[in-house]
Amino acid sequence: MAKSPLEYIESLPREIIYTILIICLAVPLVKPLGLPVPISSRVKEWHQYVEGLPDGAYVLVSVDYGVGSLPALEPFMVATLHDLFERNVKVVIMTLYSDGPICYESLITKVNPDAYGKQYGVDYVFLGYIPGGETAMKAVAENLHAAVPTDYYGTPLNQIPMLKDISGASDFAMIISVTPSGDVAQGWIRQWVTPYGITYMSCVLAMMMPTMEPYYPAQVKALTDAGRAGEYEYLIGKPGSGIRKLDAFSVAHIMLIIAIIIANIAYFALKAQKKGGA
Amino acid sequence: MSLAYRRHLPIIITFIMGIIMILQYFIVPKQPVEPYQITMQKVGETLTNWANLLAAFTIGFGMVNIALIHSRHVSRKTPGQWYYSAWLLFVAVIMVIVGIGGEPALGINVSKYQYDWMTTYVFAALSGTMYSSLAFYITSACYRAFRARTIEATALLIVGFITLMSRTPAFQAYLPQVIEVADWINKYIVKSSFRGILIGGALGAILLGIRTLMGMETGYLGRRD
Amino acid sequence: MADIWTECGIWVAAILTIAVYSFAYRDNPLFKFAEHTFVGVAVGYSFVQAIRGVKTFGIDHLTAGEALYIIPIILGFLMYFRYHKTLYWLYRYGISIIVGVGIAASFVRDIETSFLAQIAATAGINIIKADPAATLGNIVFLAAVATTLYYFIFTFPMLHTGRAKTLADAGRWFMMLAFGYAFAKTVVTRYNLMLGRLEFLLFEWLKLPK
């Protein structure tokens, strides 16, 4: 039996839904609408904490994501590293994900520390993947040199100028983690914030924000989600992938809201029709 | 006797490891001064590093598991599957060979370009795409299932709409009031509910931890003997 | 030469991306091929990282003179016996160290982080504020924490019956509103992920102007 138009709209074939979604996401990427970029208080707060770092401060940046969530998290991480490299701070980068090194290679190519006059081993270093999850965080906090004998490239840590006098968490002014995992984000609080009181800034996927909210602002000083990368890029004047996505977000979200409203109208209209028919 | 070293001894080891870590937490201050504190700190650090090393071994389990399952498909020539399994094993072996030759820390450095190529254009591309394809399903789920059938569902829908609007740059720019409403919901309803869930979850996790250390939860030991 | 391989790589990545997305329309051999390629590459990469981890965190310590590291190295290799029919129990020694250390390191700190600190933060709220919306919000906040915790008390069934059920229902309502919020955030996350891949297809593969 052929479907009525209302029935068809109420149970629209998924192929049509998917095609509309792709158009709504792709077209604004190619032809931006030029909508204004409002900057949220969370991003401003994040930037303020980075701005407030004293000269020579050590910052641990943990690239706690794998290649699966790289498209979502990398723009924010790139913007953070741009912000850090503009200052006279030492950046120690590590990862708790086995495919984190791939993400690091992609990220560092985009950031290009050479453009800031930063030298590997003097201004920044990459420790590579440290297995163990929370026990890795604990090990690095207690005794960096015992936990990580060499950097990602195989150089012993005691031969890396910026790490010679670093023993553990108490030598760091800040820890920044960008991760899709609530467990990892919470693990840093347990192993670095609670015992050592280190300033902790966490960027998670938007869907993990509710699970991290209870820790903000007492334990997580700055908490934001990766979808705000465009705002951060705009704030620090380093436009990139994040800003390009903002117009696509607008169109796709509006499309979804309209689609749900249409689906509900169709549902109630069908219900009324059936009641009237009965 | 055999149960003693197959089951009981591992449980005792778990208990001892746990007790040492707990003692380290309670006995060792931030700056250990007493000899027993320094010893305890050293022991704790060593065991933590051992655990990390053992965790490194576990990453290789996937390869062994997959190799066992798919080699069985190939040897039995499972219809409609065996050629996919053969391809999978071939790709895995190539990745291992290229990786051993290209991973910087291993120091061999003969296939760095090939390793980077495979990780960037095959692994990263596939992984990112797999994870992102959920966007399709969530959209069709929203369209088909989000109905204001009951008061609860309507309330959920309204909060969802407000949140979505607050994360839409167009609304942020032209209707900023929606951000204030969403922020209020986040600050007072979301944060509080998730705090309640967090406290309850933390209680559960702590109790599960104690039960595991005491040998009452033995799921990590695998199959029953 | 490198440029040809880079271009080749971009085409391979694009074809694999489209193959995975084709599953959204229907299951097909191209998707199966991409799926098996992904699993193969992923396990191969993980195995390489396992080798690197054992070398960096084990063998390097051993060659530096820390002889005790021979113990976890041996236990680590014994862990691979989990796939053996009769000697599977050998893997339990390694896993018991991981579990013992990991669980204890986590839960002792969790008491402070996720339990005491959260209770202290809730108890320390100044309810009355100059802004009426904030005052209302604080009252709602305390009510939501209390009723959400109340909802999860299943030990005494009478707490979920009769008049007492109102408190549990209130907790359920607060959680539902919170999950509505979380669901919308999930949509944002998924679209963010998909936009990343679409950017690759449009700007790196099709080379459309940015």
Being closer than 27 Å to A:G240 by Cα, among the charged types (D, E, K, R) and at pLDDT below 95 is the requirement here; does A:K3 meet it?
no
So B:S85, is it without any contact (Cβ under 8 Å) to a residue 24 or more places away in the chain and more than 30 Å from C:F179 (Cα to Cα):
yes
Does B:A92 meet the test of being small (G, A, S), farther than 29 Å from C:R197 by Cα, in contact with a Gly (Cβ under 9 Å, 6 or more places away or on another chain) and facing chain C (nearest Cβ under 7 Å)?
no
Would a scan of the range B:97-114 turn up a residue that is more than 9 Å from chain C (Cβ to nearest Cβ), of a type in the set (A, V, I, L, M) and closer than 30 Å to C:L90 by Cβ?
no
If we keep just the residues of the range A:195-241 that are free of Cβ contacts under 8 Å to residues at least 24 places away in the same chain and farther than 22 Å from B:Y188 by Cα, which is farthest from the other protein chains (Cβ to nearest Cβ)?
A:G237
Tell me, please, whether a residue that is of a type in the set (A, V, I, L, M, F, W, C), more than 26 Å from B:L68 (Cβ to Cβ) and assigned to a helix (DSSP H, G or I) can be found in the range C:27-35.
yes
Selection from the range A:131-175 of residues that are farther than 18 Å from A:P195 by Cβ and part of a loop (DSSP other than H, G, I, E, B)
A:P131, A:V148, A:P149, A:D151, A:Y152, A:Y153, A:G154, A:T155, A:I160, A:K164, A:D165
Of all residues in the range B:92-110, how many are crowded, with 16+ Cβ neighbours inside 10 Å and without any contact (Cβ under 8 Å) to a residue 12 or more places away in the chain?
4
Just for the range C:122-135: of the residues that are in a helix (DSSP H, G or I) and either more than 8 Å from chain B (Cβ to nearest Cβ) or touching a Gly at 6+ places or on another chain (Cβ under 7 Å) (or both), which one is farthest from B:A205 (Cα to Cα)?
C:P132
For B:I162, work out the one condition from (1) without any contact (Cβ under 8 Å) to a residue 12 or more places away in the chain; (2) among the hydrophobic types (A, V, I, L, M, F, W, C); (3) buried (at least 18 other Cβ atoms within 10 Å of the Cβ) it doesn't fulfil.
(1)
Tell me, yes or no, whether the range B:147-154 has at least one residue that is within 7 Å of chain C (Cβ to nearest Cβ) and free of Cβ contacts under 8 Å to residues at least 24 places away in the same chain.
yes
Which residue, of A:E74, A:E45, A:E15, is in contact with a Cys (Cβ under 8 Å, 6 or more places away or on another chain) and of a type outside the set (A, V, I, L, M)?
A:E74
Which one of the conditions (1) among the charged types (D, E, K, R); (2) over 24 Å from C:G76 (Cα atoms); (3) assigned by TED's automatic domain parsing to the domain that holds B:I20 does B:E45 fail to meet, given that it meets all the rest?
(2)
How many of the residues making up the range A:242-278 are assigned to a helix (DSSP H, G or I) and away from chain B (no Cβ under 13 Å)?
6
Between C:I74, C:I103, C:I70, C:I59, which is facing chain B (nearest Cβ under 7 Å) and assigned to a helix (DSSP H, G or I)?
C:I103
Given the criteria under 28 Å from the mean Cα position of the chain (by Cα), among the hydroxyl-bearing types (S, T, Y) and either within 30 Å of C:W89 (Cα to Cα) or assigned by TED's automatic domain parsing to the domain that holds B:I16 (or both), does B:T212 qualify?
yes
With respect to A:P161, determine if the residue is facing chain C (nearest Cβ under 10 Å) and either surrounded by fewer than 19 Cβ atoms within 10 Å (Cβ to Cβ) or in contact with an Asp or Glu (Cβ under 6 Å, 6 or more places away or on another chain) (or both).
no
Note: among B:Y121, B:Y137, B:Y113, just one is buried (at least 17 other Cβ atoms within 10 Å of the Cβ) and either in contact (Cβ under 8 Å) with a residue 24 or more places away in the chain or of a type in the set (F, W, Y) (or both), namely B:Y121
Quick test of your reading of the structure: C:Q49 fulfils all but one of (1) on the phi > 0 side of the Ramachandran plot; (2) within 9 Å of chain B (Cβ to nearest Cβ). Name the failing condition by number.
(1)
Return yes when A:V220 is in a loop (DSSP other than H, G, I, E, B), β-branched (V, I, T), modelled with pLDDT of 95 or more and in the same structural domain as A:A72 (by TED's automatic domain parsing) and no when it is not.
yes
Looking at the range A:50-64 only, could you name the residues that are assigned to a helix (DSSP H, G or I) and surrounded by 16 or more Cβ atoms within 10 Å (Cβ to Cβ)?
A:V50
Residue count for the range B:1-49, restricted to those that are within 8 Å of another protein chain (Cβ to nearest Cβ) and within 15 Å of A:A141 (Cα to Cα):
10
Any residue at all in the range B:66-82 that is more than 21 Å from B:T119 (Cβ to Cβ), touching a Phe, Trp or Tyr at 6+ places or on another chain (Cβ under 6 Å) and of a type in the set (A, V, I, L, M, F, W, C)?
yes
Pairs where the first residue, in the range C:148-159, is over 26 Å from B:Y188 (Cβ atoms) and the second is among the aliphatic types (A, V, I, L, M), C-beta under 7 Å, 6+ apart
C:M158/C:A164
Answer from A:E45, A:E15, A:E74, A:E7 - the residue that is assigned to a helix (DSSP H, G or I), in contact with a strand residue (DSSP E or B) (Cβ under 7 Å, 6 or more places away or on another chain) and of a type in the set (D, E)
A:E45
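Per-residue answers, yes or no, for (1) touching a Lys or Arg at 6+ places or on another chain (Cβ under 7 Å); (2) among the basic types (K, R); (3) buried (at least 18 other Cβ atoms within 10 Å of the Cβ):
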{"position": "C:L159", "(1), (2), (3)": "no, no, no"}
{"position": "C:A164", "(1), (2), (3)": "no, no, no"}
{"position": "C:M175", "(1), (2), (3)": "no, no, yes"}
{"position": "C:L195", "(1), (2), (3)": "yes, no, yes"}
Take the range C:160-176 and flag every residue that is basic (K, R) and under 18 Å from B:I189 (Cα atoms).
C:R172
When C:A143 is evaluated against the numbered criteria (1) exposed (fewer than 14 other Cβ atoms within 10 Å of the Cβ); (2) of a type outside the set (K, R); (3) in a helix (DSSP H, G or I); (4) within 12 Å of another protein chain (Cβ to nearest Cβ), which criterion, by number, is the only one it fails?
(1)
Could you please tell me which pairs satisfy a Cβ distance under 6 Å, a separation of 6+ or placement on different chains, a first residue in the range A:132-157 that is more than 10 Å from chain B (Cβ to nearest Cβ) and under 13 Å from A:T95 (Cα atoms), and a second residue that is in a strand (DSSP E or B) and of a type in the set (S, T, Y)?
none
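The values are calculated or read from the model by the stated rules, or taken from the named source; none is laboratory data. Just so it is clear, the structure is predicted and the values come from calculations on it, not from any experiment. Here the Cβ is made from the backbone with ideal geometry for all residues, glycine too, and neighbour counts use every protein chain on show.
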